[in-house]
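Before any comments, here is the structure.
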6 protein chains.
Amino acid sequence: MADWLTSLQTKTPQEGFELAITLARKGVAYTQTSAEMREQLRDNYANNADSLTMASQVVAVHFQTVAAANNYWKE
Amino acid sequence: MADWLTSLQTKTPQEGFELAITLARKGVAYTQTSAEMREQLRDNYANNADSLTMASQVVAVHFQTVAAANNYWKE
Amino acid sequence: MADWLTSLQTKTPQEGFELAITLARKGVAYTQTSAEMREQLRDNYANNADSLTMASQVVAVHFQTVAAANNYWKE
Amino acid sequence: MADWLTSLQTKTPQEGFELAITLARKGVAYTQTSAEMREQLRDNYANNADSLTMASQVVAVHFQTVAAANNYWKE
Amino acid sequence: MADWLTSLQTKTPQEGFELAITLARKGVAYTQTSAEMREQLRDNYANNADSLTMASQVVAVHFQTVAAANNYWKE
Amino acid sequence: MADWLTSLQTKTPQEGFELAITLARKGVAYTQTSAEMREQLRDNYANNADSLTMASQVVAVHFQTVAAANNYWKE
């Protein structure tokens with residue numbers, strides 16, 4: 001797979017959160033490599049509350065990692 | 001998405017907990033971008049015990065992050 | 001919501017565990033704001049093994065946070 | 001509830017693991033306070049692979065906490 | 001239960017991973033104490049993708065603990 | 001099992017992420033030792049959104065470990 005992750009450092013917490021979302025999606029993309037199929041599946045789970053909560057959980061775990069990597073963006 | 005997360009620092013643990021709730025909901029909102037649809041889904045899962053527990057779990061993971069970012073609000 | 005969380009410090013590990021239970025329940029209460037409805041739902045999930053295990057998992061995550069906040073109550 | 005958790009310190013990792021099991025069960029017991037009902041439920045989930053895996057997950061989270069509290073029993 | 005866990009220290013990351021697997025299985029064995037029953041259940045969940053993923057998740061949590069205990073086997 | 005994990009150190013975060021994927025799959029492989037069966041199961045879960053999210057969650061937990069082992073690849 002082409003380079004997509006060269007650093008965990010981000011300028012702001014929000015960028016860190018968005019990186020966490022990318023990481024969560026990449027965790028899926030390495031298993032289901034077809035972008036078309038992922039798009040189809042997203043149509044389903046985006047309308048299911050529990051599926052969305054599960055996806056949000058993965059983001060939360062990755063956000064822990066990214067936040068620690070950035071020392072929580074403390075000034 | 002407009003700026004919504006500029007710091008993980010909060011004055012009190014309770015504000016930190018409420019930030020964790022925001023983070024959990026944002027994890028959903030990035031996938032299901034329609035506020036109307038999220039409102040519909042909430043009507044369902046708010047009446048399902050397991051769905052609520054799963055949502056509470058996501059909050060718990062984010063609260064770990066926020067609490068660490070604030071050094072646990074130790075005096 | 002009125003003040004309910006002013007500190008993560010507790011005198012004993014057991015009080016810390018009980019705070020973790022409070023945190024888990026608050027994670028639910030912010031989504032399902034009706035105490036009456038939460039009471040109804042509890043009657044169901046309290047008799048379902050998997051629901052109880054899921055609830056215990058949320059407590060475990062919060063207990064990690066509270067224990068770290070108290071430096072594990074080491075003497 | 002009577003005192004049941006006065007310290008997270010244990011002499012060995014195995015005692016720490018067994019404390020983690022106690023913590024997982026207590027997370028259930030605070031919600032389902034009837035020991036008789038818990039016994040009934042155990043008969044069911046002890047024969048369901050996924051239920052056992054979920055229970056093992058809760059133990060794993062608590063074991064992280066207990067292990068950290070004991071500095072991993074490093075000599 | 002006889003002694004089965006005297007240290008979290010391992011020589012290599014792979015041995016640490018295998019210890020994590022042992023810990024995950026012990027989390028089950030303390031609840032379902034019949035080895036025969038566990039063997040039966042394994043036949044089922046070993047052929048179910050989601051069951052295997054859930055089991056892998058428990059291993060992941062324990063591997064975090066073991067890896068931290070070994071300071072990530074850094075040289 | 002032959003040597004497959006000799007270090008948690010990676011040169012880049014992306015290599016770390018890919019190691020996390022390997023760890024998640026190994027967590028399955030130790031339980032379901034037949035590669036042929038794992039391949040069959042993958043065909044199913046790769047087309048199920050929730051299964052993919054669960055798999056991504058395991059990757060997220062392992063990525064926390066690998067990232068910590070590499071001090072988050074900070075320069």
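The values are calculated or read from the model by the stated rules, or taken from the named source; none is laboratory data. From a predicted model like this one, the values you see are computed outputs, not experimental measurements. Methodologically, a virtual Cβ is constructed for each residue, glycine included, from the backbone with ideal geometry; neighbour enumeration extends over all protein chains shown. Ligands, DNA and RNA are excluded from the accessible area calculation, which covers all protein heavy atoms including side chains. Shrake-Rupley method; radii C 1.70, N 1.55, O 1.52, S 1.80 Å.
Give me a single rounded figure for E:5-16: the average over its residues of other chain Cβ atoms within 10 Å of their Cβ.
Average neighbour count from other chains, rounded to a whole number: 5.
What distance in nm separates the two pseudo spin-label positions at F:THR6 and F:GLN40, each 7 Å out from Cα along the beta-carbon direction?
3.5 nm
If you put a point 7 Å past Cα along the Cβ direction, how far is that point for D:ASP43 from the same point in each other copy, in nm, smallest first?
Copy-to-copy label distances at D:ASP43, shortest first: 2.4, 2.4, 4.2, 4.2, 4.8 nm.
Using the Cα centre as the reference, give the magnitude of the dipole from point charges on the C-beta atoms of chain C (Lys, Arg: +1; Asp, Glu: -1; all else neutral), rounded to the nearest 20 debye.
160 debye
Give me the accessible area per residue for region D:13-73, probe 1.4 Å, as a whole number in Å².
Accessible surface, normalised per residue, equals 35 Å².
Run the label-point distances for A:GLU75 please: 7 Å along Cα to Cβ, every other copy, nanometres, shortest first.
When each copy's label point is compared with this one, the spacings are 2.5, 2.5, 4.3, 4.3, 5.0 nm.
Could you give, in nm with one decimal, how far E:THR22 is from each other copy of that position, shortest first, with labels 7 Å out from Cα toward Cβ?
So the label point of E:THR22 gives 2.3, 2.3, 4.0, 4.0, 4.6 nm to the other copies.
Shielding by partners for A:39-49, please: the mean number of other protein chain Cβ atoms within 10 Å of each residue's Cβ.
Across the residues of A:39-49, the mean count of other-chain Cβ atoms within 10 Å is 5.
For B:GLU18, A:GLU75, give the ranking by accessible area with the largest first, probe 1.4 Å.
If we order B:GLU18, A:GLU75 from most to least accessible, we get A:GLU75, B:GLU18.
Per-residue ellipticity at 222 nm for chain D, helices alone: DSSP H runs ≥ 4 residues times -39500 (n - 2.57), over residue total, nearest 500 deg cm²/dmol?
-21500 deg cm²/dmol
Taking R0 as 41 Å, what's the FRET efficiency between B:ASN71 and F:THR22 from their Cβ-Cβ distance, rounded to 0.05?
0.75
Pairs of Cα atoms under 8 Å, at least six residues apart: use those to get the relative contact order of chain F, whole percent.
Contact order relative to length: 51 percent.
Cβ neighbours within 10 Å, averaged per peptide: list D:24-31, A:52-59, C:63-70 in order, most packed at the top.
My ranking of the peptides, most packed first, is A:52-59, C:63-70, D:24-31.
On a C-alpha basis, how far is the centre of region B:24-54 from the centre of region C:33-75 in Å? Whole number, if you could?
Going from one Cα centre to the other spans 20 Å.
Nearest 100 Å² is fine: what is the total accessible surface buried where chains A and B meet, probe 1.4 Å?
Interface area, both chains combined: 2500 Å², rounded to the nearest 100.
Cross-link list C:LYS11/E:LYS26; D:LYS11/E:LYS26; E:LYS26/F:LYS11; E:LYS11/F:LYS11; B:LYS11/C:LYS11: which exceed 28 angstrom alpha carbon to alpha carbon?
Violating the 28 Å Cα-Cα cut-off are C:LYS11/E:LYS26; E:LYS26/F:LYS11.
With a 1.4 Å probe and every protein chain kept in, tell me what percent of the accessible surface of chain A is carbon plus sulfur.
Its accessible area is 44 percent carbon and sulfur atoms.
Among the complete DSSP H segments of chain E, which ones combine at least 27 Å of alpha-carbon extent along their axis with a mean Kyte-Doolittle hydropathy of 0.5 or more?
Span-like helices, by this rule, are E:49-69.
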